[in-house]
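The values are calculated or read from the model by the stated rules, or taken from the named source; none is laboratory data. Being a predicted model, the structure only gives us computed values, none of them experimental. Positions of Cβ are backbone-derived with ideal geometry, glycine not excepted, and every protein chain shown enters the neighbour counts.
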Amino acid sequence: MSRWHAIVWPELRGKLSAGAALQPLTWLRAGGPADWLFEPADLADLQNFLASCPAAMPITLLGAGSNVLVRDGGLEGAVIRLTGPLADIRHAGDVVIAGAGARDMDVARYAAEAGLDGLAFLIGIPGTIGGGLRMNAGAYGQEFCDIVISASALTRQGELIEASVPDMQMSYRASGAPEDWIFVSARLQARPGDRAEIRARMKEMIASRGASQPVGARTGGSTFANPEGSKAWQVIDAAGCRGLRVGGAAMSEKHCNFMINDGSATAADLEQLGETVRQKVRDHCGTELRWEIRRLGRTEAHANSQEPETG
């Protein structure tokens, strides 16, 4: 039993669950439960929740769960998922305003239907707007920093702030925004375009992704960020790691920068596989691969100690 299970919460309008399973909420389908899982009804409900959280309680944001590996001991404290109004999408002129819980692909489709171009690349990012802001996600030669005008975020105390791209210090697959910021929405710059042409381009992107990536498998997207001057999959392949397996986890034969859970993998299997690949690549060519998948939570061995581990 976690020390956080004894908390008495105020009246909240959203859904609050104790000991919530996180496996169904992550693409890798592995890992332990959250002490608490909260899905706020709206912004005010989220602010009320944050104001009620003990200062020492860890808080984790979980979006689409596409680039997250939750360790087998689960996540200490509270996990927050943004749904409902916090996942809404609308536009004003050529600016798209999207809740941080909105899926990137839904934003891309919304913009296309509205005859707005410039956001089509989001169709290839299997995450949410909040996650994209946090890691400056990208695809097809574009990144979030190319389209973000500004973002709204809550501090740990529930204070609403507006942040510009310089404030977020976006770089390749990373952001310098404070770790305790909770992004709640973003204003994205689009431009007028032809609906049919945008739809056709997105269809090509989807087909390209399906041809080169293990779509439909239990995966977490790209495991490692591309090292400077090369591609992660190239150094992984050269080190002989295509198809490498640890327990129920394997590097995809189709795209060897993707980890696959065959249905029996533990989070420990997946993390050990990734670390083995990093070591083999280091030994082969000296390249230090950086995890793109976020590894969160407690190992099973440390679950009873309540000491969180981060990757």
Residue list for region 249-276, restricted to those being in a loop (DSSP other than H, G, I, E, B) and within 24 Å of ARG209 (Cα to Cα): SER252, GLU253, LYS254, HIS255, CYS256, ASN257, ASP262, GLY263
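Taking into account only those residues within region 163-193 that are outside any strand (DSSP E or B) and aromatic (Phe, Trp, Tyr), which is nearest to PHE224 (Cα to Cα)? If you could, list the steps in order and put the result at the bottom.
So in region 163-193, the residues outside any strand (DSSP E or B) come out as 165-170, 172-173, 175-181, 190, 193.
Imposing the further condition that a residue be aromatic (Phe, Trp, Tyr) reduces the set to 172, 181.
Numbers: TYR172: 12, TRP181: 24 Å.
By that ranking, first place goes to TYR172.
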Residue count, region 147-158 (criterion: part of a strand (DSSP E or B) and basic (Lys, Arg)): 0
Boolean, ILE198 is loosely packed, with under 15 Cβ neighbours inside 10 Å and either within 30 Å of ASP45 (Cβ to Cβ) or at pLDDT 95 or above (or both): no
Some residue of region 40-52 being at pLDDT below 95, more than 30 Å from ARG290 (Cα to Cα) and among the polar types (S, T, N, Q): yes
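Taking the conditions exactly as written (free of Cβ contacts under 8 Å to residues at least 40 places away in the same chain, in a strand (DSSP E or B) and either among the hydroxyl-bearing types (Ser, Thr, Tyr) or over 30 Å from CYS53 (Cβ atoms) (or both)), does ALA196 satisfy them or not? Before you say what the answer is, go through the steps one by one.
Values: free of Cβ contacts under 8 Å to residues at least 40 places away in the same chain: yes; in a strand (DSSP E or B): no; either among the hydroxyl-bearing types (Ser, Thr, Tyr) or over 30 Å from CYS53 (Cβ atoms) (or both): yes.
Considered against the rule, which asks whether it is free of Cβ contacts under 8 Å to residues at least 40 places away in the same chain, in a strand (DSSP E or B) and either among the hydroxyl-bearing types (Ser, Thr, Tyr) or over 30 Å from CYS53 (Cβ atoms) (or both), ALA196 comes out as no.
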Residues of region 252-268 that turn out to be surrounded by fewer than 23 Cβ atoms within 10 Å (Cβ to Cβ) and either β-branched (Val, Ile, Thr) or outside the structural domain of GLY240 (by TED's automatic domain parsing) (or both), as a count: 1
Residue within region 146-162 that is free of Cβ contacts under 8 Å to residues at least 40 places away in the same chain, within 24 Å of ASN226 (Cβ to Cβ) and not assigned by TED's automatic domain parsing to the domain that holds PHE49 present: yes
Unmet requirement for ASN136, which otherwise passes all of (1) touching a strand residue (DSSP E or B) at 6+ places or on another chain (Cβ under 7 Å); (2) over 26 Å from GLY31 (Cα atoms): (2)
Total residues in region 33-71, condition farther than 20 Å from ILE7 by Cα and crowded, with 20+ Cβ neighbours inside 10 Å: 10
Residues of region 136-146 satisfying the condition of being surrounded by fewer than 21 Cβ atoms within 10 Å (Cβ to Cβ) and not in a strand (DSSP E or B): TYR140, GLY141, CYS145, ASP146
Positions within region 276-289 being charged (D, E, K, R) and surrounded by fewer than 14 Cβ atoms within 10 Å (Cβ to Cβ), in sequence order: ASP283, GLU288
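Can you confirm whether ALA217 is surrounded by 22 or more Cβ atoms within 10 Å (Cβ to Cβ) and not hydroxyl-bearing (Ser, Thr, Tyr)? Break it down stepwise before answering.
Numbers: surrounded by 22 or more Cβ atoms within 10 Å (Cβ to Cβ): no; not hydroxyl-bearing (Ser, Thr, Tyr): yes.
No: the conditions fail for ALA217.
Restricting attention to region 277-293, does a residue exist that is in a helix (DSSP H, G or I), in contact (Cβ under 8 Å) with a residue 24 or more places away in the chain, among the aliphatic types (A, V, I, L, M) and in contact with a Leu (Cβ under 6 Å, 6 or more places away or on another chain)? Walk me through it before giving the result.
To start, the set of residues in region 277-293 that are in a helix (DSSP H, G or I) comprises 277-285.
Add one more test, that the residue is in contact (Cβ under 8 Å) with a residue 24 or more places away in the chain, and what stays is 277-278, 280-281, 283-285.
Filter again for among the aliphatic types (A, V, I, L, M), leaving 277, 281.
With in contact with a Leu (Cβ under 6 Å, 6 or more places away or on another chain) added as a condition, the list becomes 281.
Within region 277-293, one or more residues are in a helix (DSSP H, G or I), in contact (Cβ under 8 Å) with a residue 24 or more places away in the chain, among the aliphatic types (A, V, I, L, M) and in contact with a Leu (Cβ under 6 Å, 6 or more places away or on another chain).
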